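Engineer: Below you'll find the structure I mean.
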Amino acid sequence: MSKINLKSLSKDKMKEFVKAQGLPAYRAKQLIHWIYEKKAESIDRITELSKEAREKFSDAAYISNINLLSRQASKDGTEKFLFALEDGESIESVLIPDKDRLTLCISSQAGCTMGCGFCLTGKIGFRRNLKAYEIVDQIITVMKVKGAELKVKSSANPITNIVFMGMGEPLLNLDEVAEALKRITEFMGISKRRITLSTSGIAPKIIELYKKAPHINLAISLNAADNKTRDLIMPINKKYPIEALLNACRKIPLSPGSSITFEYVMLDGINDRPSDAQNLVRILRGIPSKVNLIPLNPYEGSKLKRPSDKKVFAFQKVLINAGINAFIRKSKGQDILAACGQLKAGYK
Ligand code: SAH
Ligand code: SF4
């Protein structure tokens, strides 16, 4: 009989597993604590269990770990982690320090099907969906490596925020992403307020996400304020045009005081005119929103360009004058291809 990977088990399945081993139910909680908080890499490390219990568990199960292949540091402090998965696929995560925050940007898929014109991940094409444990393992591994460097206790958490903004479209892997969110919040104790999921706009799945994981922060990669322009840069817009996307946003039960973040990658001569900013103001009316303007992070082989700072500031001013919170996002980690849309995990 093949062994069970304990990281592949949900809370209920963990209980079933423990029961099948003829052990009391509290053992499930203990295993979860050791795997997700104390970050035990193998059953052998669970020293709270007797040697016999560890041996008995090891006959039936094991703990998998994604393999950290390499780590690169940018001159601005951003770090990129390249991981190999069990079947040889690879993914990247990015750790971004900023004032009192340490944000980990994680991947939900190897590659991406969406083919957005400005994104290098989109150029790889789709490899596969990640399992919930592969999503969570990015956090566990980086916490462990970084925690050791910062000399915090093995159970302490140096990471303050998690963003699903790495490789892949999280809402096309919603079941595994929702299970990962459960583990991140329930098993690892990270507050939903500190988690943001970014989507290119799979409208019906946005509602489903809120049913499965209420109260997490949502970011929408809008990137254009009219369908003609959005069709040009984001193929998904043909299926779920701006109206459908924003209608889904209007249906989300936001908690008081919270808002939806709209990301707007700025592309020279494509979506950066003052009239685009005015359109953006118009279409966001009635939605509690915040806009993040991200001047394009260029990569080799792309014909797209980032607009001048002057154009970016002028665009921002239109939004601010209309009462919208609009920020220009500094792109970190560009020198190591770790900024938004630059992740390719070694794929050609
Ligand atoms: N697939 C999801 C999450 C990952 S992309 C999504 O599209 O939302 C994370 C963010 O990076 C998105 O807002 C996307 O619009 C932005 N992005 C992609 N390529 C970029 C690039 N070359 N320069 C700047 N931002 C980019
Ligand atoms: Fe995929 Fe997001 Fe890149 Fe589009 S921007 S190709 S959805 S990762």
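Bear in mind that the values in this text are calculations on the coordinates, not laboratory data. Every value quoted in this text rests on a predicted model; they were computed, and no experiment measured them. Because the Cβ atoms are built from the backbone with ideal geometry, glycine has one as well, and the counts that use them run over all protein chains shown.
Engineer: Using only the alpha-carbon atoms, how far is helix 309-321 inclined from the longest principal axis of the chain? Give it as 0 to 90 degrees, nearest 10.
Structural biologist: Result, in degrees: 90.
Engineer: Give the span of segment 93-144's Cα atoms along each principal axis, as three whole-Å numbers ordered largest to smallest.
Structural biologist: Sorted largest first, the three principal extents are 34, 26, 11 Å.
Engineer: If you don't mind, another one. Treat the count of other C-beta atoms within 10 Å as a stand-in for reagent exposure and order I242, I320 from fewest to most.
Structural biologist: Ordered from fewest to most neighbouring Cβ atoms within 10 Å, I242, I320 come out as I320, I242.
Engineer: In segment 126-225, which trypsin sites (Lys or Arg not before Pro) fall in coil by DSSP and have 11 or fewer other Cβ atoms within 10 Å?
Structural biologist: In loop regions of segment 126-225 (DSSP not H, G, I, E or B), the sparsely surrounded trypsin sites (Lys or Arg not before Pro) are K151, K153.
Engineer: Right, another one. Leaving out same-chain residues fewer than 8 places away, which aspartates and glutamates sit with a Cα under 14 Å from that of K153?
Structural biologist: E37
Engineer: Per 0.36 nm of contour for each residue apart, how much would the distance between L254 and S8 grow if the chain were fully extended, relative to their Cα-Cα spacing?
Structural biologist: That pair, L254 and S8, stretches by 85.4 nm at full extension.
Engineer: Quickly estimate the mean residue ellipticity at 222 nm for the chain, helices only: each DSSP H run with n ≥ 4 gives -39500 (n - 2.57), and the total goes over all residues, rounded to 500.
Structural biologist: Computed ellipticity for the chain at 222 nm equals -9500 deg cm²/dmol.
Engineer: Something else about it: Based only on the alpha carbon positions, what is the Kirkwood hydrodynamic radius of segment 148-198, in angstrom?
Structural biologist: Kirkwood radius, segment 148-198: 12.2 Å.
Engineer: Filter K99/K303; K75/K238; K290/K332; K182/K228; K192/K344 down to the pairs with a C-alpha to C-alpha distance above 31 Å, please.
Structural biologist: Flagged as over cut-off: K99/K303; K75/K238; K182/K228.
Engineer: Taking the alpha-carbon distance from K212 and a cut-off under 16 Å, which aspartates and glutamates remain once sequence neighbours fewer than 8 residues away in the same chain are dropped?
Structural biologist: Correct list for K212: D175, E176, E179, E186.
Engineer: What whole-number volume per residue, in cubic angstrom, does the convex hull of the C-alpha atoms of the chain give?
Structural biologist: Expressed per residue, the convex hull around the Cα atoms of the chain is 142 Å³.
Engineer: Turning to a different aspect of this structure: Which three lengths, in whole Å and largest first, does segment 50-170 cover when its Cα atoms are put on their principal axes?
Structural biologist: Per principal axis, max minus min of the Cα coordinates gives 56, 35, 21 Å.
Engineer: If you build the Cα gyration tensor of segment 213-277 and take the root of 5 times each eigenvalue, what three semi-axes come out, in whole angstrom, biggest first?
Structural biologist: Value: 24, 14, 10 Å, ordered largest first.
Engineer: Tell me which residues come under 5 Å, amide H to amide H, from V265 once H is placed; ignore anything under 5 positions away on its chain.
Structural biologist: Close amide H contacts, sequence-distant or interchain: N223, I294.
Engineer: Further, regarding this structure: Report the one residue of T103, Q334, I124 whose Cα lies farthest in the direction of the positive end of the charge dipole of the chain (charges on C-beta: Lys and Arg +1, Asp and Glu -1; origin at the Cα centre).
Structural biologist: Sorting the options by dipole projection puts first T103.
Engineer: Explain nothing, just the number: relative contact order of segment 4-62, from Cα pairs under 8 Å at least 6 residues apart, as a whole percent.
Structural biologist: Reported as a whole number, the value is 38 percent.
Engineer: Here's something else I'd like to know. Taking only Cα atoms, what is the 0 to 90° angle, nearest 10, from helix 132-149's long axis to the longest principal axis of the chain?
Structural biologist: Between helix and principal axis, roughly 80 degrees.
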